[in-house]
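Everything on this sheet refers to the single structure shown next.
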Amino acid sequence: MKITSAKVIVCCPGRNFVTLKICTDAGICGLGDATLNGREKAVATYLEEYCIPALIGKDPRNIEDLWHYFYKGVYWKRGSVTMTAISAIDMALWDIKGKALNTPLYNLLGGKSRQGVLVYAHATGPNLEQMLEDVSKKVEQGYQAVRVQSGIPGVGRVYGVPKSGQPYEPAQKGLPHEESWDTARYLNFVPKMFSRVREVFGEDLHLLHDAHHRCTPNEAARLARELEPFHLFWLEDPVSAELQEGLRLVRQHSTTPLALGEVFNSVYDCTTLFSEQLIDYIRMPLVHGGGVTHLQKVAALASLYHIQTGIHGATDLSPINLAASLHVDFAVNNFGIQEHMPHAEMVHEVFQPNYHFEKGFMYINDAPGIGVELNEEQAAQYPYQMACLPVNRKLDGTLHYW
Ligand code: KDG
Ligand code: MG
């Protein structure tokens with residue numbers, strides 16, 4: 001089999017998505033997600049200018065070899081843009097392989113290790129009461145695990161907390177907008193927030209929280225320790241993990257489970273965290289973390305250190321990425337939980353998914369490959385619109401430095 005053509009499709013059904021489509025002389029095409037929120041065109045250009053010309057004529061069945069060709073062969077290893085491009089190629093090749101063998105991707109990864117994939121929902125609100133209402137909604141929908149975020153009294157617009165009634169979407173049209181932050185108010189507020197959530201919803205609901213890299217290791221240690229009575233499923237990104245050693249301090253002071261890695265793009269971002277057992281869940285997404293091929297290796301290494309997966313699944317990653325993640329979730333032994341933020345209806349005019357949610361779990365049908373269809377005519381109805389993630393300033397105007 002040979003690759004005969006490949007193209008990049010950029011569309012904006014409510015938000016931007018970048019998709020790579022690779023076709024072969026066998027008449028089989030595969031799809032890969034290449035969306036890097038706020039930097040979509042950088043990945044599209046990287047693919048169009050450098051990767052696609054090098055893919056033509058290659059045998060798509062040699063996925064491992066092609067992964068290393070694009071990883072090692074360029075000399076400039078790693079980085080979000082490069083790794084997102086490699087991820088898209090990798091996903092599309094696995095999609096082709098599944099279709100060529102007429103089997104769903106999970107079968108090629110060792111088969112199913114479980115009957116359903118436990119997922120967590122997002123509950124948010126500009127204040128405590130509205131956040132509690134949103135938790136109720138998620139519980140009514142059947143979720144057994146809920147990530148809880150709320151506006152903080154005395155702090156303006158907070159990252160990841162949409163205005164009342166609006167869906168979660170941290171990227172805004174145009175250049176980056178500015179949000180505010182105050183760590184002291186945040187640290188005082190969050191334990192009170194979880195105390196209230198436990199009071200209303202009891203002990204059985206799994207609760208998660210994302211600190212969005214806002215704390216120093218010492219602040220994060222205090223937060224993790226003060227959250228212990230509320231038995232979180234995890235505390236996510238308490239610190240920015242460029243300094244992996246920073247997690248030692250957090251770990252030494254608390255038993256609250258820690259989840260990191262949604263911004264990682266290589267196993268080398270994880271080695272200290274894994275080998276010193278500094279985290280409990282690894283959040284690396286397929287789309288920025290080298291695709292199925294690399295995630296399998298990350299999951300395998302994590303399993304040696306009693307670390308489980310908790311793959312990133314926000315709505316800025318396309319349905320192709322979510323479906324591919326679910327195949328990995330089904331297959332790996334050390335699966336923990338999968339993030340689930342349902343895409344807006346408009347997104348499903350373009351991407352027809354093969355998964356569904358029921359009573360706290362997600363399921364995937366047996367369509368071959370990754371199993372998501374792309375409607376290119378519909379995609380063309382929604383042209384790219386520039387959008388960026390926000391920057392964060394402390395209340396005195398200082399750009400947040402973590
Ligand atoms: O593009 C940024 C989002 O993917 C991120 O804000 C989502 O933190 C996030 C999460 O945990 O889903
Ligand atoms: Mg996060």
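Please go through the range 17-32 and give me each residue that is under 25 Å from the mean Cα position of the chain (by Cα) and not polar (S, T, N, Q), ordered by number.
Taking the range 17-32 and keeping what is under 25 Å from the mean Cα position of the chain (by Cα), we get 17-22, 29-32.
If the condition is that a residue be under 25 Å from the mean Cα position of the chain (by Cα) and not polar (S, T, N, Q), then 17, 18, 20, 21, 22, 29, 30, 31, 32 are the ones that fit.
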Margin query: Restricting to the range 158-185, and then to whatever is more than 26 Å from residue 338 (Cα to Cα) and crowded, with 16+ Cβ neighbours inside 10 Å, can you tell me which residue is nearest to ligand 1 (Cβ to nearest atom)?
Written below: 179
Notebook entry, point to check: Conditions: (1) in contact (Cβ under 8 Å) with a residue 60 or more places away in the chain; (2) more than 16 Å from ligand 2 (Cβ to nearest atom); (3) assigned to a strand (DSSP E or B). Residue 371 meets all but one. Number of the miss?
Noted result: (3)
Check: Looking at the range 140-192, which of its residues are within 24 Å of residue 385 (Cβ to Cβ), part of a loop (DSSP other than H, G, I, E, B) and away from ligand 2 (no atom under 15 Å from the Cβ)?
Finding: 157, 163, 164, 165, 166, 167, 174, 175, 176, 177
Next item on the list: Output the qualifying pairs, or none if there are none: Cβ atoms under 7 angstrom, residues six or more apart or on different chains, first residue in the range 111-131 and closer than 18 Å to residue 157 by Cβ, second residue of a type in the set (D, E, K, R) and open to solvent by 40 Å² or more (accessible area, probe 1.4 Å).
Entry: 125/133; 126/163; 128/196
Next item on the list: Only helices (runs of 4 or more DSSP H) wholly contained in the range 49-122 count here; list those with 3 or more residues that are crowded, with 19+ Cβ neighbours inside 10 Å and touching a helix residue (DSSP H, G or I) at 6+ places or on another chain (Cβ under 7 Å).
Entry: 63-71, 80-101
Note to self: Of the residues 282, 311, only one is within 16 Å of ligand 1 (Cβ to nearest atom), more than 20 Å from residue 88 (Cβ to Cβ) and of a type outside the set (Ser, Thr, Tyr); which?
What the structure shows: 282
Notebook entry, point to check: Is it the case that the range 262-272 has a residue that's among the hydroxyl-bearing types (Ser, Thr, Tyr) and within 16 Å of ligand 1 (Cβ to nearest atom)?
Noted result: no
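Looking only at the range 340-351, filter to residues that are more than 19 Å from the chain's Cα centre (by Cα) and touching a residue at least 24 places away in the same chain (Cβ under 8 Å); which one of those is nearest to residue 154 (Cα to Cα)?
Let us first name the residues in the range 340-351 that are more than 19 Å from the chain's Cα centre (by Cα), namely 345-346, 349-350.
Now drop any that are not touching a residue at least 24 places away in the same chain (Cβ under 8 Å), which leaves 346, 349-350.
Details: 346: 35, 349: 40, 350: 41 Å.
Out of the qualifying residues, it is 346.
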Margin query: If I ask for residues that are within 25 Å of residue 393 (Cβ to Cβ), within 13 Å of ligand 1 (Cβ to nearest atom) and open to solvent by less than 10 Å² (accessible area, probe 1.4 Å), which ones from the range 213-239 would you list?
Written below: 235, 236, 237, 238
Next item on the list: Take the range 362-379 and flag every residue that is open to solvent by 60 Å² or more (accessible area, probe 1.4 Å) and under 20 Å from residue 315 (Cα atoms).
Entry: 363, 373
Margin query: All but one of (1) farther than 19 Å from residue 117 by Cα; (2) under 20 Å from the mean Cα position of the chain (by Cα) hold for residue 385; state the number of the condition that does not hold.
Written below: (2)
Item checked: Residue within the range 127-139 that is within 15 Å of ligand 1 (Cβ to nearest atom), more than 30 Å from residue 23 (Cα to Cα), of a type outside the set (Gly, Ala, Ser) and in contact with a Pro (Cβ under 7 Å, 6 or more places away or on another chain) present -> no
Item checked: Pick from the range 28-48, criterion in contact (Cβ under 8 Å) with a residue 60 or more places away in the chain and in a helix (DSSP H, G or I), ranking: least open to solvent (accessible area, probe 1.4 Å) -> 40
Next item on the list: Considering only the range 240-264, state which residues are open to solvent by 30 Å² or more (accessible area, probe 1.4 Å), hydrophobic (A, V, I, L, M, F, W, C) and within 16 Å of ligand 2 (Cβ to nearest atom).
Entry: 263
Margin query: All but one of (1) touching a residue at least 40 places away in the same chain (Cβ under 8 Å); (2) assigned to a strand (DSSP E or B); (3) away from ligand 1 (no atom under 16 Å from the Cβ) hold for residue 328; state the number of the condition that does not hold.
Written below: (2)
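The values are calculated or read from the model by the stated rules, or taken from the named source; none is laboratory data. Every value quoted in this text rests on a predicted model; they were computed, and no experiment measured them. Note: ideal-geometry Cβ built from the backbone for every residue, glycine included; neighbour counts use all protein chains shown. Ligands, DNA and RNA are stripped out before the accessible areas are found, and what is left, the full protein with its side chains, is counted by its heavy atoms. Shrake-Rupley method; radii C 1.70, N 1.55, O 1.52, S 1.80 Å.
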